Amino acid sequence: MSTTTQTETSQLQLNSAAPIQHALSDVVKNEDWSDFKFAPIRESTVSRAMTSRYFQDLDKYAVSDVIIVGAGSAGLSAAYVIAKNRPDLKVCLVESNVSPGGGAWLGGQLFSAMIMRKPAHLFLQDLGISYEDEGDYVVVKHAALFTSTVLSKVLEFPNVKLFNATAVEDLVTRPAGQNGQVSVAGVVTNWTLVTMAHDLQSCMDPNVIELSGYKDDGERDHSTKHGVILSTTGHDGPFGAFSAKRIVSIDKNKQLGGMKGLDMNNAEAGVVKHAGSYSGVENMYFAGMEVAELEGCNRMGPTFGAMAVSGIKAAEEILKHFAA
Ligand code: AHZ
């Protein structure tokens, strides 16, 4: 009687199967890897290939139409909708972390599955992400499937540039109108490691990404639309709620609402309701959990529908701004 183990069985099947097909099948003949070679390269070529592109991007996006601060689930959802609908707009994503995605690599705590309450599942359909339908809500088998898919689609757009490991340290503002009103005009950036260690080094001055809509002399160019900032930096933390905290010292009429306790039903609707343009400062928009800090909404915990939907709502308002 045969006592073949599972490992032995799969080896036997492999040996008796047709030749293994993979991307390098035509290069590696007869499974002989002993003479395998890569195409030649110089070390300096690698350096130049990276740095020349990065500096071209810095140059191109020094003036951007849309600056999205924070590439979590809300920021990425918004970037996807804006870039898809307006390939002519330059969309600049600034993310303080090395890895974009924010809190959306896991569902909640260290659990993998991501929950989205309907009708947010329609966004998953748009992205082509499969899910289990549980009636009022759907489940993506791993939150990383959502995050990696939306991220890869956003990065494929030719009009999007992600500057990761780059923190927004401040907002650029300019007077707007006669009543003391201000408009955002860009963001002040720095390498995140520098931002985290400002007290250890001197002369680590920041860089600036400016919004479109100005002439070379800095005056407003009324023949073009003014660019916008969408802030999606999440709830309060070392970096989070960045623009919400900054805006209350710019807009004297505003006090930070402060995120309230967890209430899933109220939180998600609240964040979506308040997402979009911020009335106190021109050309400033918010989405995601930063809205809860700004306006005092509840938190929802690990249900991500409002992150996608608030991003979509803010994106729609931004698209209307550029269409008007
Ligand atoms: O690294 C941050 C993260 O990737 C980034 N960020 C924060 N401050 C920044 C700054 N410059 C550049 N000054 C900055 N980047 O912003 C991203 C925010 O992502 P997130 O996942 O924290 O926020 P979100 O609003 O997209 O999603 C929130 C998800 C949550 S939290 C929550 C709860 O606590 O109840 N529930 C949900 C669904």
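Brief remarks follow.
- For residue 101, nonlocal amide neighbours, meaning residues 5 or more places apart or on other chains whose placed amide H falls under 5 Å from its own, are 71, 72.
- For residue 266, net neighbour charge (Lys/Arg +1, Asp/Glu -1) across residues whose Cβ lies under 13 Å away: +1
- A P(r) calculated from all alpha carbon pairs of the chain, with 20 Å bins opening at zero, reads 29, 48, 19, 4, 0 percent.
- The mean sequence separation of alpha-carbon pairs under 8 Å and at least six residues apart, normalised by the residue count of the chain, gives a relative contact order of 20 percent.
- A helix-only calculation puts the chain at -11000 deg cm²/dmol for mean residue ellipticity at 222 nm, using -39500 (n - 2.57) for each DSSP H run of at least four residues, averaged over all residues.
- Area accessible to solvent at residue 169, 1.4 Å probe radius, in Å²: 50 Å²
- Rounded accessible area of residue 116 (nearest 10 Å², 1.4 Å probe): 0 Å²
- Placing unit charges on each Cβ (+1 for Lys and Arg, -1 for Asp and Glu) gives the range 37-178 a dipole about its Cα centre, and among 144, 113, 55 the Cα reaching farthest toward its positive end belongs to 55.
- The distance from the alpha carbon centre of the range 188-225 to that of the range 49-118 is 18 Å, rounded to a whole number.
- Choice from 165, 308, 241 showing the highest fluctuation, given a GNM over the chain with Cα pairs closer than 10 Å: 165
- Estimated at the nearest 10 Å², the accessible area of residue 277 is 70 Å² with a 1.4 Å probe.
- Heavy-atom SASA rank of 272, 28 (probe 1.4 Å, accessible area, largest first): 272, 28
- Residue order by solvent-accessible surface for 76, 155 is 155, 76, largest first, with ligands and nucleic acids left out and a 1.4 Å probe.
- Summarising the amide proton neighbourhood of residue 90: residues at separation of 5 or more, or on other chains, whose placed amide H is nearer than 5 Å comprise 65, 66.
- For the chain, built as a Gaussian network whose Cα springs stay under 10 Å, the top-fluctuating residue of 22, 222, 235: 22
- Taking 101, 301, 218 in turn, the Gaussian network model of the chain (Cα-Cα springs below 10 Å) assigns the largest fluctuation to 218.
- Close amide H contacts of residue 260 (hydrogens built in the peptide plane, cut-off under 5 Å, sequence separation of 5 or more or a different chain): 297, 298, 299.
- The antiparallel fraction among DSSP beta bridges confined to the chain stands at about 50%.
- Total lysine pairs in the range 196-324 at Cα distances under 20 Å, for residues eight or more apart or on different chains: 10.
- Dipole in debye (nearest 20) - the range 64-323, about Cα centre, beta carbon charges: Lys, Arg +1; Asp, Glu -1: 300 debye
- The value given for the range 156-301 is a Kirkwood hydrodynamic radius of 16.6 Å, derived from the mean inverse Cα-Cα separation.
- Candidate residues 188, 150: accessible-area rank, largest first, probe 1.4 Å: 188, 150
- Scalar couplings 3J(HN,Hα) for the range 103-108, obtained by applying the Karplus form with A = 6.51, B = -1.76, C = 1.60 to θ = phi - 60°, are x, 9, 7, 10, x, x Hz; x denotes Gly and Pro.
The values are calculated or read from the model by the stated rules, or taken from the named source; none is laboratory data. All values reported here derive from a predicted model rather than from experimental measurement. We place every Cβ from the backbone using ideal geometry, glycine too, and count neighbours over all the protein chains shown. Surface areas here come from the heavy atoms of the whole protein model, side chains and all, with no ligands, DNA or RNA. Shrake-Rupley method; radii C 1.70, N 1.55, O 1.52, S 1.80 Å.
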